[in-house]
Amino acid sequence: MRLSPPILALSILSACSTSPTEEQGTTVPVQPVAETPIVWTGYYDGIRPRGKDSATTVQLWVRSDSTFIIRQRTGDDDTLATGAIGTWRVVQVAGASASGLLSIQYGGDPPDHYQRTDKGLVFVDVNGGVEVVQDRVLERLAGELQDEISRMKVSGTFSYMADAMSFQPCGSRFSWPCAGGEQWTDEGEVLGSLNTAELERHYLRSVKQGGDPWVIEVECSMAMGPAMEGDGADEYLFIHRVLAEIDACP
């Protein structure tokens, strides 16, 4: 039997509107799987070989406020660690992991780059290509870091104005309130430190007039202290000793 044109058109429309059967299958749009974001923040610790018979102990705090603190010590535990404070960021480097590399820069040297792994941070050499250096791993330690950061040698600019002291480490965009290390009794009493009055006198003897910047290398520690304004607490940089005056930050 032949179908007339109207009936034929209705049949076609009916077939087009029919739901697909299991045999026909369905086309379901595929949703992209969201990648788990990498958590860069944390406390990392490791040993970096330096030649045949020596190594450098490295402690790195990658903090949620975009700052980092690094302490490095070559030799025995009695050696004063060299420290630096700066700002970290994640950068994309051709040939490296798609998730990017952690970039930290301190002093006048090029930045260090690290790739995040399950163990922690692995140093990546990006000069002339991308090479993962397996013997330079900083393991991520579990647990929360305490508020105190032990003594280290840091260079920066000390300022004293309107009865307020501050210290801006070389390579950092931020300044910290500071005081004499004796104010931090946990370490100040043990080994002896400048108190705040002595630090003030030292500053005034070293600059032409109050308020001038004073670029120095200091032995310092970091811990919480009373807020500069209002209640609460701020992170302080406590200066135990002034080691040297320097012309400028590198």
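Any read-out appearing in this document is the output of simple, stated calculations on the displayed coordinates, not a laboratory observation. Note that this is a predicted model, so its numbers are computed, not measured. Cβ coordinates were reconstructed from backbone atoms using ideal geometry, including for glycine residues, and neighbour counts include every protein chain displayed.
Find the Cα radius of gyration of the stretch 42-140, compare it with 2.2 N^0.38 Å by division, and give the number to two decimals.
Numbers: Rg = 13.4 Å, N = 99, 2.2 N^0.38 = 12.6 Å.
Relative to the 2.2 N^0.38 Å estimate, the stretch 42-140 comes out at 1.06.
If the segment from residue 224 to residue 127 were pulled out straight at 0.36 nm per residue, it would be longer than the present Cα-Cα gap by 31.0 nm. A simple rule links phi to the HN-Hα coupling: the Karplus curve 6.51 cos²θ - 1.76 cosθ + 1.60 with θ = phi - 60°, which for the stretch 97-102 gives 4, 5, 7, x, 10, 6 Hz, with x for Gly and Pro. If the label point is 7 Å along Cα→Cβ of residue 246, which residues in the stretch 67-99 have backbone nitrogen under 18 Å from it? From the stretch 67-99, the list is 68-74, 80-87. Tally the DSSP beta bridges in the stretch 149-245 and give the antiparallel ones as a percent, rounded to 5. Roughly 90 percent of the DSSP beta bridges within the stretch 149-245 come out antiparallel.
Computed from backbone phi with θ = phi - 60° and the Karplus coefficients 6.51, -1.76 and 1.60, the 3J(HN,Hα) list for the stretch 164-172 is 10, 9, 9, 9, 10, x, 4, x, 10 Hz; x is used for glycine and proline. A simple spin-label model places pseudo-atoms 7 Å from Cα toward Cβ; at residue 233 and residue 191 they are separated by 2.2 nm. For residue 246, nonlocal amide neighbours, meaning residues 5 or more places apart or on other chains whose placed amide H falls under 5 Å from its own, are 215, 216, 217.
Computed from backbone phi with θ = phi - 60° and the Karplus coefficients 6.51, -1.76 and 1.60, the 3J(HN,Hα) list for the stretch 235-250 is 7, 10, 9, 9, 8, 8, 8, 9, 8, 6, 9, 10, 5, 6, 5, x Hz; x is used for glycine and proline.
Spin-label model, residue 174 to residue 150: label points 7 Å out along the Cα-to-beta-carbon direction sit 2.3 nm apart.
Its Kirkwood hydrodynamic radius, worked out from the mean inverse distance over all distinct Cα pairs, puts the stretch 114-243 at 16.8 Å. Placing dummy labels 7 Å off each Cα toward the beta-carbon, the span from residue 54 to residue 139 is 2.5 nm.
Remark: 54, 221, 166 ranked as 54, 166, 221, counting other beta-carbon atoms within 10 Å and listing the fewest first.
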